[in-house]
Structure formats: C-alpha cells, structure tokens
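One structure is given here, and the rest of the page talks about it.
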Amino acid sequence: MSNLDSTLAGHAVPKPGASQPTNDALDLIEDHILPKLDPEFLQYFTDVIAKQPPAHTIPIEEVRKNPQKYQPPCAVDSANEKGVSDHVVNSQDGTGVPVRVYQPIENGQGVVRPGPHPVHLNFHGGGFVLGDLQSEAGLCLVMRKAGVVVVDVNYRHCPETTWGKCIQDAWAALNWVRDEHLSLNINPLSVSIGGVSAGGHISLVLQHMARDAGIPLKLCMPTVPPTTDCLSLEYYTQSPYASFHEFHRGPVLPWKRIKYFGNQCMPPDKLPEIRKMWPDWWLSPMRAPNWSGLCDTYIRTAEVDPLRDEGEAYAMKLVASGTKVTLKRYLGCPHTFMYLGVLSQKRQWDEDSIYALKVAHGLL
C-alpha cells in the first residue's frame, strides 16, 4: 500500500508578499534551478552559504582539526540535557561505538516519563565521513517529543575506517538496544530506525538485515537517502537518475561534493577491495536480493536534490513488493534542508517526524 504525499506534484510557491533576494550571490545558482528553490532557502543561501568557501574545497584534514567550525546548523551539545546519557556499544570487531540515549521527558517539566518506551535509532548524515553525537542532536531532541527513546549512533567514518564498518556499527547498536532494553527503559518489541542521507542509506541496509534476522521493526524512516553506490561513480553522467543530472551543480550537495565524499569512502584504488568485503547490496540497497517481508517505510526526499530520484525509486520498489510505504517530497528544498531552522519546511519535517513515530509506535 502506498501513500504518495500530495506535496509530490508541482514546485514551491513563494508566500504572499515574499520576494526572491536580489543579491549577486544568486548568480551562483544556475538559471534552471533558481525558480525551483524555496524563497526562504534563497535568503539563507545569500546570507550564509554564498559567503563560505565551497565545502568540497576544504581538505578533510582541516575539518578533522576544527570539527566545531564545520558542524551543521542543527548541531547541539546535548550531553547535559535532562534525560540524556552516553554509552559505548561494542561493534563486531570489538571497537567501541559511542551512542547517546534521549529519554522522553514531560513537556515543560524536565521529568523523564515512566516506561518502558518505544525506541528509535538515528544514524546521522555526513557522507559516511562527517558527523558526531552533536551534529544531529537538535533533531534527536525533536524526535523524542514523540514519546520515544531516541538512540543516536556515532558509527565510524571514512577515511579513517574502511567503508562498511559503519553498517556493522549500526547493526551492533540495534542489537545492543534490544539486549539492554531493561536498563534503557524501552520496549524491545517497538523499535524503529532512520537517518538523514548516509544515515538513511544505513537504515535501509538494516531494514533488510533485521528482516533476515527475524527482528521486528515498526518503521524505517530514511530522509534524502542515497540508495545506490553513487559515491563510487567516476562521472555524474553514469547515474541513471534524472535528478542526479539536473542538480549536479545545485547549491547543496553538488557533484563535486558527492565526489569529495566518494574519494574518502570509495577511492578507485580501494574500491575493488571494498566490494569484496561486503555484500553488493550494502553498497547499493537498490540491488538487495529480497524485497519481501520488509517493515513499514516512510521515505522523505527533497525536490532540489540529486539523490531525489533514487530515493523515490527505492520507495516504488518497496511498493511493488507489497510493503506499506509513505513517500513525501519537500518542495523547493535542497538536500540538507532539515538542518536549517530558518526554513518552514524544516519545521514541517520536525512535525512530520513526531507524527510518523507516534503512528508507528501506537502513541496516538
């Protein structure tokens, strides 16, 4: 059963009285893309993004030396928030993986609610290269308002770690949550997973792994996920998806940025070895061998995003297999719109997340 959200059709329409910024910065956006973008984002692009060096020009060594400087706008140091605790999960090879657990609290009171609660695992975005327990803390604080425990997983990143260890780390976290359900105050039979971008890719792989292991999931909730091995492409023209071509010079996640991540995760000289290490469908969930018996799925894409079409193609493949799917496209939005608090569409994303988690876990 498919619920194709009504926002899929058409383009963003400026709000009454709104006008596009007239700053010369808009000359940096190609003519065929400019009218598709939400006016609120255009203002943010003019005020912030256009004044910064392109992300793909910043060496990874510089990012590692100054991680706070390159945090996304939704980053928060949530370690001292009420109901928040840090833990370490042992991955398959014994490496410790940091996780942060957010217990739901009573609104306005800061008191942790009695449980056991449903639990949602979040895998952050960042091209398998960037991210930590602060980068999506703002999103985790929002999602726990649904009345669920949120477990944010800081899986290992490339290039320091070989690509694919992130999947093992995420799988270890999923099993740890179930094993430690008493100490975490959760219901092990009410588990959901999700993430943004690279984290969405990870959640899609886990969706299949959980089915194969007999682990029931209430929901898989990826946002703007890559569903192919697009990071391994040599040229953007090798992608079969129209959005990848249309937005390869978009204002967020252009091809040069995708290639930047690809060079850290799947460099050509190491790609054959990486492909031998893991199942092929880990690199490209679209090539998964079995699509039956998968959990309910809520996929969200952004209109002005090169990954849009492959995310929606994955949703349609789920529909064809009989999976219950909700698909929503956020109009006028670029890839990481959910990180930008100045956007109305980001606030809508927050509300949609809370509602979807409440529905999936029977909290309405």
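Only one residue in 206, 231 is open to solvent by 10 Å² or more (accessible area, probe 1.4 Å) and not in a loop (DSSP other than H, G, I, E, B), so which one is that?
Testing whether each residue is open to solvent by 10 Å² or more (accessible area, probe 1.4 Å) and not in a loop (DSSP other than H, G, I, E, B) leaves just 231.
Inside the range 176-188, can you point out the residues that are in a strand (DSSP E or B) and either within 14 Å of residue 203 (Cβ to Cβ) or not β-branched (Val, Ile, Thr) (or both)?
Scanning the range 176-188 gives 187, 188.
So, in the range 211-228, how many residues would count as being of a type in the set (A, V, I, L, M, F, W, C), touching a His at 6+ places or on another chain (Cβ under 9 Å) and not in a loop (DSSP other than H, G, I, E, B)?
So the answer is 2.
Failed condition for residue 52, given (1) open to solvent by 60 Å² or more (accessible area, probe 1.4 Å); (2) in contact (Cβ under 8 Å) with a residue 60 or more places away in the chain, with all others met?
Against the list (1) open to solvent by 60 Å² or more (accessible area, probe 1.4 Å); (2) in contact (Cβ under 8 Å) with a residue 60 or more places away in the chain, residue 52 comes up short only on (2).
Taking residue 240 as the residue in question, decide whether it is outside any helix (DSSP H, G or I) and either open to solvent by less than 60 Å² (accessible area, probe 1.4 Å) or touching a residue at least 60 places away in the same chain (Cβ under 8 Å) (or both).
Against the criterion (outside any helix (DSSP H, G or I) and either open to solvent by less than 60 Å² (accessible area, probe 1.4 Å) or touching a residue at least 60 places away in the same chain (Cβ under 8 Å) (or both)), residue 240 does not qualify.
What is the one condition in (1) surrounded by fewer than 19 Cβ atoms within 10 Å (Cβ to Cβ); (2) of a type in the set (D, E, K, R); (3) under 28 Å from residue 338 (Cα atoms) that residue 310 does not satisfy?
(1)
Of all the residues that make up the range 45-63, how many are among the hydroxyl-bearing types (Ser, Thr, Tyr) and out of contact with any Pro (no Cβ under 6 Å at 6 or more places or on another chain)?
1
When you go through 129, 150 one by one, which is the residue that is over 22 Å from residue 226 (Cα atoms) and not basic (Lys, Arg)?
Criteria check complete, one pass: 150.
If we keep just the residues of the range 58-92 that are touching a strand residue (DSSP E or B) at 6+ places or on another chain (Cβ under 7 Å) and not polar (S, T, N, Q), which is most open to solvent (accessible area, probe 1.4 Å)?
82
In the list 132, 169, which residue meets the criterion of being acidic (Asp, Glu) and closer than 15 Å to residue 92 by Cα?
Of the residues listed, the single one that is acidic (Asp, Glu) and closer than 15 Å to residue 92 by Cα is 169.
The values are calculated or read from the model by the stated rules, or taken from the named source; none is laboratory data. All values derive from a computational prediction rather than experimental measurement. Neighbour counts run over all protein chains shown; Cβ positions are idealised from the backbone, glycine included. Note: accessible area is taken over every heavy atom of the protein model, side chains too, but ligands, DNA and RNA are not part of it. Shrake-Rupley method; radii C 1.70, N 1.55, O 1.52, S 1.80 Å.
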